[in-house]
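The values are calculated or read from the model by the stated rules, or taken from the named source; none is laboratory data. In this text the structure is predicted, and so the values were computed from the model without any measurement. For neighbour counting, all protein chains shown are included, and Cβ atoms are generated from backbone atoms with ideal geometry for every residue, glycine included. The protein model used for the area step is the full one, side chains on, heavy atoms only, and it has no ligands, DNA or RNA in it. Shrake-Rupley method; radii C 1.70, N 1.55, O 1.52, S 1.80 Å.
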Amino acid sequence: MADSGTSKAGFVATEVLARAGVRRLYTVPGESFLEILDAAERHPELALISTRHESGASFMAEADAKLTGMPAVAMATRGVGASNLSIGVHTAMQDSSPMLVLLGQVETDFLGREAFQEVDLPAFYAPITKWSATVNRADRLAEFVARGLRIATSGRPGPVMLALPADVLDEEVGADPKARVQTSPVAGPEPEQVRVVVRRLTAARRPVVIAGGGARRAREALISFAEAWGAGVYASFRRQDVFPNEHPNYLGHLTLGTPPETLKALQEADFVMVVGCRLSEVTTQSYSLPRENQAVTQVDADPDEVGATVPVEIGMVSDAQATLTAFTAQAPSGTPSRDWTEAHGVYLDSSTIPPARSPEGIDPSQVVDAMLETLPGDALLTNDAGNFSVFIHRYWRYNHPDTQLASTNGAMGYGVPAAVAAKLAAPDRTVVACCGDGGFLMTGQEMETAVRYGAPITVIVFRNGLQGTIAMHQKRDLGRTAGIEIGEVDLAGYARSLGAEGYTVRDPDELMPALQAASASDAVSLLDVVTDPDIISPTARLSELAAETT
Ligand SMILES: Cc1ncc(C[n+]2csc(CCOP(=O)(O)OP(=O)(O)O)c2C)c(N)n1
Ligand SMILES: [Mg+2]
């Protein structure tokens, strides 16, 4: 601070972040944003988390925001850092997670000359952010940060990027920023719309809800609504914790490879209410459900999402909690006549672990079985992308809130960094990262970050020696594979080299004791489970897919 009234712009920016509720900034440091690194490190309310790779930093910020609902910051340096960081920004975009991305940029005098590591950052980030801008004036930095946070957290949340030329951060500006990040809450429902929907609900024989991430913070209201109206509830892709899976009104998860029998209740519904869900390609089963002739009501905080992918009859731009509560208040008294026993039973059957299918090795479903036996029901599971995740989505019962952190953009490498951030944000939770060997080997080095910051997570790697998902698609479509092998890696030894504990499991009988030891440990731990590569999904064998197509 130069005198009592001024401070470096970089310092002032962190003050705006702290006042807005940001608590953690994830980064790989760079010479282009020294003042922000310094200010974050020294700020009493902020934690600077230095990661091994920018993809880890951005996945961590995304997962932190997804879990807490508060924006997190991801920072990186110029073109090189921005390139590495982008995967988690794309994840925040598709997953609707509020994130502020701060990118160091070349000095303002050098801009436009293809200076060292220069790239047009707003152009680079425009398609994967809600807003991207360069801040050219130090005295407006606080205002830009506040505006960025406002945009990131309002409507459908998402990432915002600010490019910060190095000289701007170093300038002296007023120390007490006037910028504030107030956002107005999303409005409650229009009474007339409530009346119309209540009429539809009263007349419906089989009303169902598709609940997305936007309903996560209205979970209790959703349960009350489902019970009061006798509605069935589906969870959208990778939002399985939005509704208790063993609740009698739960119908299943709209995912990749949803069992056809699970879809039946949705296909037969005469009223579909979509709450806080953008109706993605996966959730809608390639835009085939809800069908065009089904009456759809969509409740969303953001007008841009209503009717964006599926035609809707009634579109409501309103707060999920207030809207569900208004509907519940109008429900007829007494027990609703609609019964979901059969459809819920279909879900329970499809999510019951069958006998192991591997004659000698480990069937991935046995790993989930051991997890169900060993881990607390409210353990927070993060997962990577890959076919191993299908077993978790199918067989783990998400009965508790905030127990699933998974990317809807299917980004490999998400599992470990997401777990690190979850443990930092919620140190009292049991946090378990579930990964395939391909995804783990992309960002597994963030276990070192977990060790350094004292975030004891457990990592379970389903090691089949394959990029399994791609092998499955190749066998199915082409009858042969290409580029899918993963070499023999001593993952337990790798974990130990990063300061964690490592266990290798090759025998089904060793699974439970090893998982018990790993999850009971106070240290960061990794369970390297060697699985049978032929058990490619809960319903298919890789060898049989080959036989079908050749
Ligand atoms: C960043 C990224 N690169 C590539 C892909 C395409 N992809 C989807 S799953 C997959 C293989 C995953 O392999 P692994 O992590 O070992 O899991 P497995 O399918 O074997 O269980 C690939 C390459 C992706 N989803 N994300
Ligand atoms: Mg694999």
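Points to keep in mind about this one:
- When residues of the stretch 357-366 are limited to those that are assigned to a helix (DSSP H, G or I) and more than 23 Å from Pro244 (Cβ to Cβ), the one most open to solvent (accessible area, probe 1.4 Å): Gln366
- Yes/no for Ser337 being of a type in the set (Ser, Thr, Tyr) and open to solvent by 60 Å² or more (accessible area, probe 1.4 Å): yes
- Near pairs, Cβ below 9 angstrom, 6+ apart or cross-chain, from the stretch 63-79 (part of a strand (DSSP E or B)) to any residue that is among the acidic types (Asp, Glu): Ala72/Glu62; Ala72/Asp64; Ala74/Glu54; Ala74/Glu62; Met75/Glu54; Ala76/Glu54; Thr77/Glu31; Thr77/Glu54
- For the stretch 424-441, the tally of residues that are of a type outside the set (S, T, N, Q) and farther than 25 Å from Leu545 by Cβ stands at 9.
- Elements of the type strands (runs of 3 or more DSSP E) sitting completely within the stretch 456-550 and holding at least 3 residues that are hydrophobic (A, V, I, L, M, F, W, C): these cover 458-463, 525-530.
- Any strands (runs of 3 or more DSSP E) falling wholly within the stretch 373-446 and containing at least 3 residues that are over 11 Å from the mean Cα position of the chain (by Cα) and crowded, with 22+ Cβ neighbours inside 10 Å: 431-436
- The strands (runs of 3 or more DSSP E) falling completely within the stretch 165-258 that include 3 or more residues that are modelled with pLDDT of 95 or more map to 207-211, 232-235, 250-253.
- Only one of the listed residues (Gly444, Gly438) is farther than 27 Å from Thr262 by Cα, within 12 Å of ligand 1 (Cβ to nearest atom), in contact with a Cys (Cβ under 9 Å, 6 or more places away or on another chain) and not aromatic (Phe, Trp, Tyr). That residue is Gly444.
- Just one of the listed residues (Asp522, Asp477) is more than 16 Å from ligand 2 (Cβ to nearest atom), within 30 Å of Met70 (Cα to Cα) and open to solvent by 40 Å² or more (accessible area, probe 1.4 Å), and it is Asp522.
- Here the stretch 84-130 is the region considered, the condition is being outside any loop (DSSP other than H, G, I, E, B) and hydroxyl-bearing (Ser, Thr, Tyr), and the residue that is farthest from the chain's Cα centre (by Cα) is Thr108.
- Taking first residues from the stretch 457-472 that are over 30 Å from Ala425 (Cβ atoms) and partners that are more than 9 Å from ligand 2 (Cβ to nearest atom) and among the hydroxyl-bearing types (Ser, Thr, Tyr), the Cβ contacts under 6 Å between residues at least 6 apart in sequence or on separate chains come to Ala471/Thr481.
- Residues located in the stretch 432-462, provided they are among the hydrophobic types (A, V, I, L, M, F, W, C) and closer than 20 Å to Gly410 by Cα: Val432, Ala433, Cys434, Cys435, Phe440, Leu441, Met442, Val459, Ile460, Val461, Phe462
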